[in-house]
Amino acid sequence: MKGFFTVFSLECKKVFSSKGFWIFAIVILALCLIITATFSWLGEALEGMDDSVLGDTTVELSPGEMAEAYRLQLNEYLALVESGQVEVKPGDTTETELRNMIAICEYCQEHGVDINKLITLGSLGSLNMSSSDYVTTMMQVAFSFVIIMAIVLAARCFAGELEDGTMRMQLTRPVKRGVLLSAKYTATFVSSMTLGIVFTVLFMVIGAIAFNGTTYDVVLVDAYQNVAVINPYAAICLLVLFNAVALAVVIQFTVFVGTFFTKTGSLAIPLVLYLFADTVAALLYNTGIPFVGLFTNLNWAAGLTPTGAPIRGMSIYSMIAVTTVWFAAMTAINHIAFEKRDLK
Amino acid sequence: MEEFSELVKAAQPEVRSEAKPETKAENYEIKEPYLSIKHVSKVFRKGISRLTKKGDGITALDDVSLDIGKGEIFGILGPNGAGKSTLIKAVTGLVVPDSGEVKLGGLDCKKDKEAFMAKIGAQIETPVFFNKRTGWWNLNYLARLQGGLPEQRIRDIVDIVGLTDRINTRVGTYSMGMRQRLGIAQAIMHKPELLILDEPINGLDPDGIVQVRELIRKLRDEYGTTVLFSSHILGEMQTLCDRVAFIARGRLVAVKTKKEIEQGLGDTSILAIVCDEPNRAGALVGEKFGFRTKVQGTTLYVEVKGGNIAEINKTLIENGISVMSFNVKTRTLEEMYKELTK
């Protein structure tokens, strides 16, 4: 363990003192600020607009009545979609999404919750701009960039060093191969995660300033249209957790590929898989393979609903089990392969 | 620490003085091997056959066994691709041998990996560092991996290898020779018991070569460091090594001590005789002394074993052959190397 911490702290220092890391951090920050500016412009532009779903908003409605009104409209639309009179084009609200929205309306009606004061994760709820909506959305944006950065860092510190021979220099020291591998892995994870958390805190500050600290609760719907409402801060913590899992799996996969392929392969394969994960998930979705939802970590949040099934036929526990088994198996293969590898 | 600083002081003036003839390494009866390499074999295969260890591949090492005593300077000589680097990598654990074992003072290369590596300082093939970092950063990084070394010692080592002026610039800007010096610095900075140097004098200037040679001797004499090194430069081997192993096509062809090499070289010499009747002269010499001869133009080459050079001259003159020139060429290590690695 002592050896591990030495190598780990050295690796962390190396990452934090590298130019690449800071260039990435600045680029991600710049992109996020541009998106923030767009949002605030969008918010102002939408302020004067009527709520198109309800039509005439001059009538004062109680939260229950408003939810009822939404539900009726959504039901009407759903009936049209189901009968095939309205064709759902890509990008439109899908049937599942409609059902989810109806479920939310029913929940609001039942509990007397104002539907306009609820947000869903990962999609800016257009009309009810709030700091919690801003933070959760921006976190997703920032973390997707952080994951891309983590792939680059992992490919560089493992496959890159194997390729250019610096790994050889490190391994002629009294360091076990396994220790070096796990230390490099952990250092990449910790440095990327640190950046992600720093961004989260930054967005919370910006959100509090830009949206006067208005926070709305977060509503979650699972695959069986069960609804749960959670505190926005709890939702932020959950998102950090889900992204940590995503980062861990992605970095592990990059290092894994790097043990067998070159630096280019170790960079390209995970990057392509990650960038097209949504496309892959969408393609596979119709095949009915249950764990496709593992790709999109927002699904995981739905595990908090009473029945806790983010994907049909798969509970949150089985999702955790599948991920753990995958991670453990890949790590084991990775370690064995690296121990047996001849170094250039 | 102090003893190390003394080494620095002691090394400095002598670096410029002439190399003293080495007398210490005369008799090489190894009672107790320090580094023992037993039946090490390695075949580089591709794909899945790497796991099954069957099928065709490039044989890099074929049942190599070596015993090296403590405090010995041991050279490995062989053509390109003979398996020198693979052998060195197998010792340092960078290459996993198919079979065989490597032990250093009772420690197994695989089982006691950390303790084993702590005793080794190695510089393998071309030295590679983090190019975007300074030389100082690189040395510090490796020193931390070693388990931490006092800063003063790293400074002393930088002094010894003569990089003080450039240590704070990026390694990317270093020349080949400077990288080599930095490579040697990282190999000796923790005072290893076994120093492994793969082609240590490649790219070094004449000054640097003398310094490295002196440094190796110094380390052995003062600290009893065992040195295992490979080189293509035969002269270097001859002056520095106590024993030399000849490797060809992954096999250990011969191990010769310094004495054996010197004797082997002294015994055989080539005579180049320019005379008017080389063919008749060749027949005469072959008949009388039984030496191998070869005629090229007006020159007769004779492979002489032992003395008899004066006798040959006398015979030629007695038989009325006029000798224009008479050159004695002792057999070089190069020729010995060619013969052994053929």
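Read the figures in this text as sums done on the coordinates, not as results from a lab. Because the structure is a prediction, the values reported are computed rather than measured. Cβ sites come from the backbone with ideal geometry, for glycine too, and all protein chains shown count toward neighbours.
Looking at region B:2-249 alone, DSSP beta bridges between its own residues are antiparallel in about 50 percent of cases.
Projected label points at A:His335 and B:Phe326, each 7 Å from Cα along the beta carbon direction, are separated by 7.6 nanometres. With both bridge residues required to lie in region B:122-253, what share of the DSSP beta bridges run antiparallel, to the nearest 5%? So the antiparallel bridges amount to about 30 percent of the total.
Under the classification rounded if a/c is under 1.5, otherwise prolate if a/b is larger than b/c and oblate if not, where does region A:133-244 fall, given a ≥ b ≥ c as square roots of the Cα gyration tensor eigenvalues? Since a/c reaches 1.5 and a/b is larger than b/c, the shape of region A:133-244 is classed as prolate. Both the radius of gyration and Dmax for region B:2-249 are 18.1, 56 Å, in that order, over alpha-carbon atoms.
Using the count of nearby Cβ atoms within 10 Å as a rough guide to exposure, how do A:Phe261, A:Phe211 rank from fewest to most?
Details: A:Phe261 16, A:Phe211 19.
Least to most surrounded, the residues fall as A:Phe261, A:Phe211.
Quick check: residue separation of A:Phe327 and A:Ile209 times 0.36 nm, minus the Cα distance between them. What number comes out in nm?
Details: separation 118, 0.36 × 118 = 42.48 nm, distance 3.98 nm.
Taking A:Phe327 through A:Ile209 to full extension adds about 38.5 nm, to one decimal.
Can you bin region B:205-279 into rounded, prolate or oblate? Criterion: square roots of the alpha carbon gyration tensor eigenvalues sorted a ≥ b ≥ c, rounded for a/c under 1.5, prolate for a/b above b/c, oblate for the rest. Taking the square roots of the gyration eigenvalues as a ≥ b ≥ c, region B:205-279 is prolate.
How shielded is B:123-135 by partner chains, expressed as the average number of their Cβ atoms within 10 Å of its Cβ atoms? Don't jump to the answer; show the numbers that get you there.
Working: counts 2, 6, 3, 1, 3, 8, 4, 6, 2, 3, 3, 0, 0.
The per-residue average across the peptide is 3.
Using the Cβ-Cβ distance between B:His39 and B:Val295 with R0 set to 41 Å, the FRET efficiency works out to roughly 0.30. Once the gyration tensor of the Cα atoms in region A:70-205 is diagonalised, the equivalent ellipsoid follows with semi-axes of 48, 19, 12 Å, ordered largest first.
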